[in-house]
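A short worksheet on the structure shown next.
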């Protein structure tokens, strides 16, 4: 069972790193350009940038949440790597086993609910 757990930990770490990096890059670009652009993480499902009712308000709404998503995902990535691959002792107890994966999923669920609210409010 150790092999499967290691594979799942690696998948979680890779997913957190990708989502965190992509979120921060998107936030930087959105902050710099202050206009909507094609992105897989900004918009709710089946919502196109050109169909947004109020792009300025959407940018002001989503930008801080995008920063939080990116920062939390990268922090959880670092904690997951330290707990599972570097074997930092204080992270190898129940915290590293149960809390870190739960927190990763919770952050993603939170952002999905934020995106669902965006669909109702801005599209």
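Those residues that are within 18 Å of residue 117 (Cβ to Cβ), more than 17 Å from the chain's Cα centre (by Cα) and loosely packed, with under 11 Cβ neighbours inside 10 Å, I need them from the stretch 15-47; list them, please.
46
With respect to the numbered conditions (1) closer than 21 Å to residue 28 by Cβ; (2) part of a helix (DSSP H, G or I); (3) in contact (Cβ under 8 Å) with a residue 24 or more places away in the chain, which one is the sole condition not fulfilled by residue 43?
(2)
When residue 77 is evaluated against the numbered criteria (1) outside any helix (DSSP H, G or I); (2) closer than 15 Å to residue 16 by Cα, which criterion, by number, is the only one it fails?
(1)
Is at least one residue of the stretch 54-72 modelled with pLDDT under 95 and within 28 Å of residue 11 (Cβ to Cβ)?
Looking for residues that are modelled with pLDDT under 95 and within 28 Å of residue 11 (Cβ to Cβ), one finds none in the stretch 54-72, hence no.
Which one is surrounded by the fewest Cβ atoms within 10 Å (Cβ to Cβ), of the residues in the stretch 89-123 that are without any contact (Cβ under 8 Å) to a residue 24 or more places away in the chain and not in a helix (DSSP H, G or I)?
The extreme case among them is 93.
The values are calculated or read from the model by the stated rules, or taken from the named source; none is laboratory data. What you see is a predicted model, and the numbers here were worked out from it, not measured in a lab. Don't worry about glycine lacking a Cβ; one is built from the backbone with ideal geometry, like all the others, and counts go over all protein chains shown.
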